[in-house]
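Heads up: the structure comes next, in structure tokens.
The values are calculated or read from the model by the stated rules, or taken from the named source; none is laboratory data. On a predicted model such as this, the values are computed, not experimentally measured, just so you know. Virtual Cβ from ideal backbone geometry, glycine too; neighbours counted across all protein chains shown. SASA here: full protein model, heavy atoms, side chains in, ligands and nucleic acids out. Shrake-Rupley method; radii C 1.70, N 1.55, O 1.52, S 1.80 Å.
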Amino acid sequence: MASISVFGLGYVGCVGIACLAKLGHKVVGCDVDESKVRRIAKGLPTIVERDVDEVMLEGFKAGLISATTSPMEAVSKTNISFLCVGTPNAPDGRLDTTYLMSAVKSIAEAIRSKSTFHIVVIRSTVPPGTNAAAIELIEKISGKREGVNFAVASNPEFLREGMAVADYLNPPLTVIGCESRRALDTLRNLYSTLGSEIVEVEPKVAEIIKFVNNSYHALKVTFGNEIGAICKKLDIDSHSVMNLFCKDTQLNISPYYFKPGFAYGGSCLPKDLRGLNFLAESNQVDVPVLSSIENSNNEHIKRVLNRVQEIGVRSVGIIGLTFKAGTDDLRNSAAIRLAEGVLGKGCSLSIYDRYLNIARETETNLRELNKRIPHLLPLLVKDVEDVVESTSLVIITVRNPEIPELVRKYPEIHFLDLVRMKDPSVETLPNYEGFCW
Ligand SMILES: NC(=O)c1ccc[n+]([C@@H]2O[C@H](COP(=O)([O-])OP(=O)(O)OC[C@H]3O[C@@H](n4cnc5c(N)ncnc54)[C@H](O)[C@@H]3O)[C@@H](O)[C@H]2O)c1
């Protein structure tokens with residue numbers, strides 16, 4: 001049984017107190033709002049939420065729940081503090097951590113007079129870097145050392161209002177970002193009874209994941225609604241469409257396509273997206289999400305070109321020109337646009353593509369290539385080694401087994417990887433750069 005103080009008695013804190021008590025822990029609630037503290041001290045929730053009344057009362061009757069407005073008391077009685085303080089948007093959009101940092105400050109003052117190890121757990125949604133800022137503030141105020149006297153863990157809360165108790169006790173996963181092994185082991189032990197997967201990550205990863213999750217959830221809602229609006233105009237049952245969509249767990253509801261890297265292209269994605277946007281437009285349906293996808297893809301190609309400019313080289317090699325590895329299909333290939341962009345920046349260019357090299361061995365294919373990419377065909381080299389000759393930067397757009405060796409062999413050449421070769425020995429080399437990871 002752990003002894004835990006919970007700072008912030010709103011939705012997350014209130015549900016947290018009830019559920020932690022249900023799991024058998026002794027919990028002390030702490031808030032600057034006296035009325036909330038009074039309620040929790042009587043075993044009453046501060047929010048309206050399914051199941052929370054009973055669970056809270058059960059814990060209160062078992063003598064596991066108390067509350068105070070004194071951070072000193074809350075910290076001295078416990079060895080873990082959960083921070084569930086609000087982080088609303090500031091006028092410019094950023095999440096304002098003023099209240100959270102004020103709670104951290106009060107915890108730091110209490111840690112100053114504590115002789116035992118204290119773990120501060122940030123459950124609020126916070127911008128990346130908050131964990132590090134909290135450590136700095138606690139060290140400064142308490143005079144104690146992170147990892148020795150205290151630790152700060154980032155442990156985002158994934159509950160949904162309306163299902164909060166059930167979600168708290170059965171989270172999709174438990175994410176913990178913390179530099180201290182001791183704290184990680186304590187928290188692992190605390191969460192072991194929940195049965196959900198516990199994932200240890202860097203604190204910044206734990207911090208940004210809530211932004212990513214919730215933005216994706218918002219995208220799902222708007223995507224579904226835009227499909228619904230188009231379907232309705234076309235007299236198609238959108239629920240039937242989306243149910244079908246969700247049945248595809250290989251490409252649709254799956255990790256597929258979720259790897260930050262290079263732009264999409266090919267014969268299907270650009271064509272069919274344009275076709276859907278045409279259907280929307282011709283039926284007077286505004287679809288800002290669907291109609292911005294192509295712009296986002298174009299922006300990504302520009303981002304690569306901007307990086308090429310930043311690196312500041314005059315000679316570039318590209319490995320991979322087709323729209324993906326294993327095919328000679330050049331239709332709507334983003335790599336072609338990249339190659340044209342590189343030429344447009346006034347750089348010299350050489351290109352290696354093992355599948356185009358196979359394709360151009362036949363006369364029909366060669367004629368076709370001459371039609372499609374007459375401006376790029378003369379730049380195609382026969383051997384992967386040729387692409388590094390007299391270039392200062394090589395851009396990788398396809399996974400190719402020969403590339404890791406090239407990166408090792410040519411330390412003076414900068415390799416910009418757009419697809420992540422997943423070779424850890426190469427990723428640490430100074431001449432290797434992952435594009436968006
Ligand atoms: N509400 C949700 O469904 C949900 C889900 C997951 C994560 N979160 C995140 O959890 C955090 C809390 O959200 P919430 O909805 O529970 O907020 P809330 O506004 O309901 O509660 C925040 C509480 O913090 C208290 N507080 C402010 N300053 C304090 C201080 N210095 N010391 C102690 N308490 C203080 C406030 O009085 C308030 O009771 C936010 O970062 C939010 O983004 C919320």
Checklist outcome for this item: Low-density loop GluC sites (Glu not before Pro), region 356-437, at most 16 other Cβ within 10 Å, DSSP non-H/G/I/E/B, are E361, E389, E402, E412
Checklist entry - Considering the Cα trace of region 83-162, what is its radius of gyration and what is Dmax, both in angstroms? => result 13.1, 42
Item to check | Surface accessible to a 1.4 Å probe, M101 within the full protein complex, Å² | outcome: 40 Å²
Item to check | Degrees, to the nearest 10: 203-233 long Cα axis against longest axis of the chain | outcome: 70 degrees
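Please list E146, E197 in order of solvent-accessible area, largest first, computed with a 1.4 Å probe with all protein chains present. Mind dumping the intermediate values first?
Details: E146 45, E197 125 Å².
These residues rank, largest area first, as E197, E146.
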Checklist entry - So how do Y410, Y191 rank on accessible area, 1.4 Å probe, biggest first, that is with the largest at the start? => result Y410, Y191
Next on the checklist: Using protein chains only and a probe of 1.4 angstrom, how many square angstrom of F323 are accessible, to the nearest 10?
Outcome noted: 70 Å²
Checklist entry - Taking Cα atoms, how many degrees apart are the long axis of helix 98-112 and the longest axis of the chain, rounded to 10 and kept between 0 and 90? => result 60 degrees
Checklist entry - Does region 263-336 classify as rounded, prolate or oblate by the C-alpha gyration tensor (a ≥ b ≥ c root eigenvalues; a/c under 1.5 gives rounded; else a/b over b/c gives prolate, otherwise oblate)? => result oblate
Checklist entry - Shape of region 3-201 from its Cα gyration tensor (a ≥ b ≥ c, root eigenvalues): rounded if a/c is under 1.5, otherwise prolate when a/b > b/c, or oblate? => result rounded
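Which order do peptides 202-209, 225-232 fall in by mean Cβ count within 10 Å, highest first? Intermediate values should be presented prior to the final figure.
On the way: 202-209: 19.4, 225-232: 17.1.
Result, highest mean Cβ count within 10 Å first: 202-209, 225-232.
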Checklist outcome for this item: Expected max-MSF residue from I107, I47, I122 in the GNM of the chain (alpha carbon, under 10 Å) is I47
Checklist outcome for this item: The helix 269-282 Cα axis meets the longest alpha-carbon principal axis of the chain at an angle in degrees, between 0 and 90 and rounded to 10, of 70 degrees
Checklist entry - So who's got an amide H within less than 5 Å of the one on S350, skipping anything under 5 residues away but keeping other chains? H placed 1.01 Å off N, in plane. => result V316, G317, I318
Item to check | Taking all pairs of distinct alpha-carbon atoms in region 213-295, Kirkwood radius in angstrom | outcome: 14.0 Å
Checklist entry - Under 20 Å from the 7 Å Cα→Cβ point of N79, by amide nitrogen: which residues of region 137-152? => result 144-152
Checklist entry - Which distance in nm do the two modelled labels at E34 and V381 give, with both placed 7 Å along the Cα-to-Cβ direction? => result 7.7 nm
Checklist entry - When the chain is treated as a GNM, springs tying every alpha-carbon pair under 10 Å, which of N252, N400, N79 comes out with the largest mean-square fluctuation? => result N252
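What number results when the radius of gyration of the chain, computed over Cα atoms, is divided by 2.2 N^0.38 Å? Walk me through the numbers on the way to the answer.
Numbers: Rg = 27.6 Å, N = 437, 2.2 N^0.38 = 22.2 Å.
Normalised Cα radius of gyration, the chain: 1.25.
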Checklist entry - Rounded, prolate or oblate: which fits region 294-355, taking a ≥ b ≥ c as square roots of the Cα gyration tensor eigenvalues, rounded meaning a/c under 1.5, else prolate when a/b beats b/c? => result oblate
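Net charge within 12 Å of V384 by Cβ-Cβ distance, Lys/Arg positive one each and Asp/Glu negative one each, not counting V384 itself?
Numbers: positive: R354, K382, K409; negative: D353, D383, E385, D386, E389, E402, E405.
With Lys, Arg at +1 and Asp, Glu at -1, the net is -4.
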Next on the checklist: Please check: in the Gaussian network model of the chain (C-alpha springs, under 10 Å), which one of H25, H375, H217 has the largest mean-square fluctuation.
Outcome noted: H375
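Restricting to DSSP H runs of at least four residues, report the calculated mean residue ellipticity at 222 nm for the chain, -39500 (n - 2.57) per run over all residues, nearest 500 deg cm²/dmol.
-14000 deg cm²/dmol
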Checklist outcome for this item: Under a 1.4 Å probe, counting only protein heavy atoms, K105 has an accessible area in Å², nearest 10, of 100 Å²
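Please work out the Cα convex hull volume for region 196-343 and give it in Å³ per residue.
Details: hull volume 25.8 nm³, N = 148.
So the per-residue Cα hull volume is 174 Å³.
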Next on the checklist: Out of the total accessible area of region 10-64 (probe 1.4 Å, heavy atoms of protein only), what percent is carbon and sulfur?
Outcome noted: 55 percent
